[in-house]
Each structure stands twice: as structure tokens, then as C-alpha cells.
1. In Å, the Kirkwood hydrodynamic radius of the stretch A:689-783 over pairs of distinct alpha carbons?
2. Can you give the local net charge around residue A:395? Use residues other than it whose beta-carbon is closer than 11 angstrom to its beta-carbon, Lys and Arg +1, Asp and Glu -1.
3. Looking at the protein assembly as shown, how many pairs of lysines come closer than 27 Å at the Cα, when each pair is eight or more places apart or spans two chains?
4. What residues have an amide H closer than 5 Å to that of residue B:163, excluding those fewer than 5 places away on the same chain, when H is modeled at 1.01 Å from N in the peptide plane?
5. 7 Å from Cα along Cα→Cβ at both residue A:331 and residue A:749: what's the point-to-point distance in nm?
6. Most exposed first by the Cβ proxy, i.e. fewest other Cβ within 10 Å, how do B:243, A:356 rank?
7. For the stretch B:13-82, taking Cα atoms only, what is the radius of gyration to one decimal and the Dmax to the nearest whole Å?
8. Using +1 at the Cβ of each Lys and Arg and -1 at the Cβ of each Asp and Glu in chain A, identify which of A:614, A:529, A:736 lies farthest towards the dipole's positive end.
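Just so it is clear, none of the values below were taken in a lab; they were calculated from the coordinates. Computed from a predicted structure; not experimentally measured. So basically every Cβ, Gly included, is an ideal-geometry build from the backbone, and we count neighbours across all protein chains shown.
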Amino acid sequence: MRVPVSWLREYVSFDTPLPELGELMSMTGTKLEALHRRGVPRGLELYRVGRVLTREQHPNADRLSLCTVDVGDGDPRQIVCGASNFDAGATVAVALPGAVLPDGTELRIAKLRGVESHGMMLSESELDLGQDHAGIMLLPDDWSVGDALIDHLAIAEDVLEFEITSNRPDCQNVYGIAREVSAALDADLGPWPGAEPEATGSGSVEDHVTARIDAPDLCPRWAGRVFTGVKVGPSPPWLKARIAAAGMRPISNVVDITNYVMLAIGEPTHAFDLDKVAGREIIVRRARDSEAVTTLDGQARTLDTDVLVIADAERPSAIAGLMGAEWSEVTDGTTTVLIECANFDGPSTQRSSIRLGLRTEGSSRWEKGLDPHLVPHALALASQLMVALTGAELVPGTVDLHGELPQPPVVGLRKERLEALIGVAYTDREIERALTRLGYEPQDGRWLVPTWRAADTTREVDLIEEVMRIAGIERVPAEMPGGHPGGGRLGEDEVLRRQVVGVLRGAGLTEAATLTLWDAGVPDRLRLASGDARRDLVEIQNPMSAEWTAMRTLIFPGLLHSARTNLAMGQAAVAMFEVGHVFLRSGEALPDQPARAAGVLAGEGAGFFEAKGVVEALLAAARVETAGFEPADEPFLHPGRSASVLDGFVGELHPEVAAAYGLEGTAAVFELGVDVLRGPPREEVLYRDVTSFPPLRQDIAVVVGEDVPAGRIVEVVRASGGAELAAVDVFDVYRGAPVPEGRKSVALHLVFQSSERTLTDAEGDAARERIVAALAAELGGELRE
Amino acid sequence: MDVDALVSEATARIEAARDVAALEEIRIEVLGRKAPLVQALRELASLPPDERRARGDELNRARRSLEGVVDERARELRRRELEERLRTDRVDVTLPGVRHPRGYSHLIEQTRRDILDVFVGFGYVVVDGPEIDLVHYNFDALNHAPTHPSRQVTDTFYIADDVVLRTHTSPVQIRTMEAGPPPVYMATAGRCYRRDTPDATHTAMFTQIEGLVVDRGITLAHLKGTLLGFARAIFGAEREVRLRPHFFPFTEPSVEVDVSCFNCARDGSPCRVCKGEGWVEILGAGMVDPNLYGYVDGYDPEEVSGFAFGLGVERVAGLRHDIPDIRLLWENDLRFTGQFG
């Protein structure tokens, strides 16, 4: 919200310097976003009210005139002027040499076609007061020649720009801001702007217009007044200046008045050319399905039954709260004007605004919900200005249709509750001052909420906030609460996450953060078969782009992108991982969202066993000792160089998948659920004696068929080794003479240990014989001596 | 045989031995089986008994003397050889060591940890929450009006009419209160999603940290103290915080929180971080709106009160490490990550 300071001062007076005021407003809840200076940047004394004494043709130029202009110092200036909309005697705005114009140009004594010009007569646009640059500005003749222009006209204006939070539509206007200033500074707030003019028009309003509301749910109140003898023309300079300083464009006196009312007190109003309203009848109704209207901006729009319109007997003349129809627009020839001051439902206006892609100054106020009790204030201010500025006569009477209007709540405030929630002691006087400055009225020990805050203040805690912010949030001290009686802790999920991240970093992988969102092509790039649950993506109904349409079901594909870009940037080897969530349809409203850990190794030194080593490190850290690796059947992995393990997999990428992700050379990936890495709870890990009795170590080499996996040998050894077999490790695989063709020799370390006694060599030999026998019986293995 | 002459000549030779091998040759010559001294000892038996004793003593003394000299010389030579070896066996210590693979942690993860650790120290328990959540938890139970703009399909990713990609970590507030009675000291971190067009300070996916405290006697002053502690832990011990009244649907009163600028103090030039204001906005917070307690059991706003706060991990990381564009955090360029891990 842009608030011209001279306008603000009309409602509340203050001496506080603007930066300080801005700070104070920020600290009471209305954040100052910027402090602008509009118009003439400096040297205001060089701008004067002047009077044209003579006007003659420039001797050397058809389109220029040569004038003498009195600027009040007894030394009339010779000024060359290009405009033609004035004669001698006109009161004009003059800038003298040295003046700096709003656009930064410095004015000098200039020679125009051989004649010196000692100043400039100004147009509106040169002063940044409006769009009109066709001619110079003609000022009222009762302004004294020689006066500083700034005393009459806001040719320089400081503008405070505030951020207004969505709960405070009452602050989207100058008077509302003035109320906050009055509370922040503890200064008096002036009365509501607007004084009812005398209704001098003929007849009464009912003679001119009839109105009815067919959709009271969307329009709780509709009021209108009729003005006759309206002369549409440009607004006076002061009005243009205010409209422009507040960030809007001056258009004509009637339109500017409606905007002024909105900017001054927050009620968007609309002006209709009543002579164009068919049957002089106003019907506030829902639009018909597919009903068409061309709005003031020239856009043809198709409506539906959720859109509220202001219609005449035949067709919509405005989309309620958004914009008028082109055909009912007030134009230069308009003489009879209907001013609408209504109250429209916020949510429905917002829906229409979004549906039609039409957001206006009006809709941005309506959508937050406005006070229906603003209507009389808006009528008074609009009427006063219409009569004063357009020469109109107000027709007696007001059309004002509404049902029972909501009455604002009365809310109690306990001082002890206030102090208990904020942690600050307040005096009764402070509480009263804060609330009354904001418009609350005491009522039987409670507080009557002002109508413009009725939606926002309904509970004690809302009053607590008001007192806190106005009495000064700086007073709140900094204290520490006690913390959880059970003590702070990371919690299971975070502990597990950190363990997994730590192991992977220790294994030389760098952490990545990749997108959780996939494009629709990922399942095909991964060669996922139809029916694979990981194809059944959780899709986004309203994606922002075709690249992000669904949630990932696997983590590693995102890492493939990172691997490729890093290799492309010259990294010789890439080892990256991510711990995050995947999203799998569950049949419930919410998908399953398990945490998984995934990694990629690409470039130098990337292969199945390198990746498997990383997975083994994870398993070892989690004390998962029995996880078996089986050949995997994952469509995205190399069928001969991949394994499944627990709820995941490890392996080299399928060459087609690698190609689809632009990866050359071998790349290996792994991915598994974080939950399976949880391991036994720490309190269940109990002491075992591993130091009192020495272990007995034996190595064996067994020759088996080429098709027997090493893992199977280990299984047989474990099963047959007896209770004292503490560890089995494969340490070598040998093929070649003297091992026969089609067979291989697998060498294993065996460790036997008892926690009760020192094992004898004889016991070790006996166990070894059992193992050898089992390997022979089950796998056709022969001991290699 | 002149034993004394033999000993003095042999001693001179031993002491002159240049290395262990030469010494060994000399030892064999003077003390080996064929050495005259040893031969003479062997021949003692052939001497008459009255000479045998004196001659034996003389020869044994000579042998022990020579053995002593050999040992001494051997030690000396070994010591010299070791010294020589240590003197010549040198490496270029400026050559690189044998490399072990090193992984780096991502800056988002680091920052997230640093922040969570602060709150663990303050007595909070860290929990996790779902990234896809019900509208009930993301909006309804957080007191968002049915028409609240952030519910719009232009702002929020919808999976179904009642399911969204969470737009903040605040749903975990309700889930935590549902899970058990007060007191609650909860912190959570995780990914959130908004339909923001990416720019230097926004990404459609981002990481948030949320805190919730509900206990007897919790005040706005407690919120301020907590955030002051957080700001000092993360941005430096000199920091101050300032609360500014603001509006959020799920807190009342609500505040925005500024931390005193940490950049100005660094170099004194016109500050690009705080734009000369001296304060940098870092998070939103407030006292838990009593309406929230109506969505869970066991929380009576007359008995307990609470505060909540939420902050962007990427923003904190960006401010701490002077990163001009938070999109860099999501590019996974190892050259970038390696600067921080």
C-alpha cells in the first residue's frame, strides 16, 4: 500500500521524522517496505505560481509562442512555450532556471530559435502529476501569483510503501494506515473523511433507478446514489496528484473519485452511466452459464454461475468487485451517474478473479473480505466529491439493500492472561490506550470490536496481540524455556540417517541433494516393466512444468544426472549418494514414503564390487550380518553384474539405461531402505567374552564347480562348522592348473573361538573335517591341499 | 708368540675396520679357528703343566680383550651404518600422501544438522514427518481459512483434492501433538514444495526446519530467548534478534524475526546483505494459535501455551556462506560441494 504523506497528514498529524515513523510502523505490525520521493527531487522554491502577462507569436517559429510571465517578484520572465491551450491572463505553473524536474533534468536559460527562455511553463506530465502532456497545466485563478507551487500542489511527495498482511484489509487505505499511525504514536485520529453534501437534485433516487439483489450470499449489501448534471472532465490537479502518488493513473473526475474513495477508506466503488442502464434497473445476480461480457480493458470474457454480476434488465454492466463492462463506462458525454457502494463476498470475488485472470485494485481488497459498514462512509465521501468536483447534483435518497448486517463481537481480555502469554507486565492505562486508539470500545468490562476488524478479532488472544504490538514488542525480554523433561535428543530417525550418511561419507561418497520430482519419461528410461510398482507414480495434479510431473519411486536416477554433469565437467571419478524419501502408492490417501539410501559410482574405479563394498560397509555399520546377495533381476541393472540385497539392490547399470542417462563407461549404483539398516537396538547388544581365550585360525581351499557361488560355500561352512566357528571369509578365488577346467578353487579363512576355553588343535581339526565332509556332500567340493 | 704384540696389532686392525664385513674378516683372522691365538689355546694341553696355567691365563685374557674390541667396533660400525642409512634414506615430504577416498557432506545437510543440534541442546526431540500430507494437516488444522490464498492450485502442488506436497514443515506440529500430550519440545526438518518460479532466493523444492514448544507457562519472551540462542549459535555470539509483529494463520500473535546483520560487521562497506538496515529477516514464528489445540486431544489452552517457528535451511546456508543464488545448492556440482564438506 502506497501512502502519500501529505494525504496521511490530513487524518493524523505527527512530527516524527519519516524514517523513524516507518521503523515504528514496522515494529507495530505494518512493515515499511520503502520510502519513496515522488515528483520534484529538490529546489522546490524554484517552482512558482505564475500569471501569463502577454502571449505573442514567436518570431522564428510557427508552433512556439513568446510569453512574459509574472512570478510574483516584480521581474516578469520571458518564456518560450510550445503549448497553445492558454492565453494572457492564465494562471500557470512555472519552473525557473536551476529547477530540477521530476525526471532529473535541470532547467537552464535556453535559446529557442534565437530567443532566450528564462523558465518553463509546466504540463502535468512534466510534474509527474498525470498523463496530460498536450498542454500546460491551467491553475485556478485564485492562487496567488508568486506562491510556492508546493503550497498548492503536491509537486513533491514522500510516499510510504507498506506491506499489508492478508488479515488486515482495513489497512489497504490511507485512513486505515492513519489509524495505525495514531495508535503507534498515541496521536489523535481525525474523523472519517467525507461530509454529506446537500441533496439538491430533483425527485428522489427511486425515480431514477430500481435495484434488487438476487444473490444475497455473494452480495450482503448493495447501495447506490444518483447524480445528475454531471460534467465529466479532468480532475483538479490535487486529486490527480494524490491518485498518481498512490500508484494509480488519473482518468477522469468521476473515475478518479471512485478510486479516491477506495484509496482513502478502502471501499472500492463503481460509477455507471445511468442513461446506458437498460430499464434503469440494477440486478445483482449470478452470471448465466457462458454469459459473455466485454470489460473496460477491452477483453471479452465468458462467465459462469459462480461469478457475480451487476446487470441491468438485459445484460451485465459489471463483474461485481472486479471491473465494469465496456458499454456502461462513464464517458465524456455522461451526465447521469450511478455510484455503487456495495459489499461483495470476499472468497467468491477471489474465485472469480482467479477464474477470469482479472486482478484489480478493487478485487485485491474485496478478496480479503471488507466491512459492510464501510458503505455509508463511502457514500458520503463519494457524494461530497461528486458535487464538489463534477458540478453534479445529488438526487435525494439512497438505494441501500441489505439483510441483517453482522454485528461485531464483544471480546473479553484478562490482564493476567495477556501477561502470561507475552511475558511482560502492562498497566491498565496501556491496555486501554492501545485498544481505544485502534477503535475498540469498552463495553461492560469487555471490548466491542470495531466493525472493520470484526473478521480478524474474535478472541481474547487477538486482543492480546493488539496490546502487545501497540504497547511495544521491544519490551518483550529474552528468556529460555526449560526444555523437555526427558532431555533433548535426535530421535531414532535422525540417528539412523546420520549413521547412514556418516558411513557413506566415510566410504568416499559425496552427498547430493537431487530433485524429488520426476518427469513422466523416467520409468521408460529405467526400462521398468508394466506392472512394476515403481512405474505407478504418485502424480501431481498441477505440475509447474513437464519436467516435474510425479514423485520419485527410486532415488538413484537423480544421482545419474549429477554423475553425468560432474563427469562432463571433468571429474575423473564420481561417487555420490543421497538419503531421502521415495513415494509409492499405498491404496490409502497418503502414499508410503520410506527413507532410502542410494549411491552411484561412475568414471574411474566404478564397478560391481566397488559398489558392493559400500553396501557391505553400510550393513556392517548396522550390524546386519546375515544379508544375502543374490543375483538380481532389476530391469535397469546389468543382469550378470547385479545383486539384490535386503529390500534393495547393487549392481552395474544396464547399458541401455546408462546410455539413456548419457553415461559412458561403467557406472554402478546401489539403493536400499534405510529402515533395514536400523540394526538391533543398542540396549540389546550384550557383552560377549572375546578376549580371554585365543582364537584358532585355519585356512582351507576347496575346489568346486564353476557354477557354485562363493556365498553358497560360506553357507555350507557356517552350517557345518559348529558353535565355535566365529568367522568365515572368502579371500581368494583361483582358476587354472592344476584345478581342472570348469572348476575353481575358493580359499577361505576360518576362525574358531570359544568364550569358555582355549580350543585345541584337535578340536579345530575335527571341525575342519566336518566342514570338508559337508562341502563334499553338498557341493561336490574337494579339499585342495 | 708375543701375545702382547699380537693383541696390540690385532686391536689396531679391528679398530681400523671400515665396515661390518671387513670387521668380520678380521675377526675370523684373529679369533677364528685358524687364528694363531686360538691355535695357541688349543695347543695349551701340550705344554708342561707348570707353564700351562700362566700361558692359559695370558692367552684367554688376550682373547677376551680382542673379543671386547671386536664387539665394541661392531657396535660402533652398526651405529654408523644405521646413521648413514637414516641420513641417506630420505623422502620428499612435500610429495602427496597416499590418497584415501573422501566424501563431502552437502551444505544443506550440514546446515540442517547444525541447526537441529542447537535445538537438541535446548532440550528438543527431533522427529520426521511426511513430505506428502493431507490438506487436513497442511492447511485445515493449521487454521488456514478455506479461502486462504496459499491453498490455491497456483501456489500448492496437489496430489488429490485432499492431498498435497506439504508447503511447510508445520503439519508436523499437529502430528506431534496428536502423538502425545504436552509438554512438547519438537524440532523437525525436511523438504517442502511450493509452486514458486525458481530465482536466486526461491526454488519449488526447499528445506525447512520447524520447532514447536507447548508447555505450562510458555510466553512470547520464551520464543524470543530461544531464537536469540539459535541466532547466536548459528550466526555468531554477537548477534541480537528483533521480533516484528506479523501475521500467520497458525500463530497468534505472529512475528517475523530479524537477526542483527553479520555482514556489516565484517567489512564496514555498504552492506548488500541487510541493505543498510542492520537487520536481516530470517524466519517466521509466533505463539501457537489456540484454534490448533482444538484439532488434537489433551491440549487445553487455559492450561498450556506454546510457540512455533519455521525457517528455511537454504536461506540460512546462503546467508552464512555468502552464496548469491540458492539454486547452486541443488546442482550437486562437486566443485561447489567440495568447498564446504
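1. 13.7 Å
2. On the way: positive: A:225; negative: A:206, A:207, A:393.
Surrounding charge for residue A:395 is -2.
3. Within the protein assembly as shown, the lysine pair count is 10.
4. B:135
5. 9.8 nm
6. Details: B:243 25, A:356 20.
With the fewest neighbours first, B:243, A:356 line up as A:356, B:243.
7. Expressed in Å, the Cα Rg and Dmax of the stretch B:13-82 come to 14.4, 49.
8. Of the listed residues, the answer is A:736.
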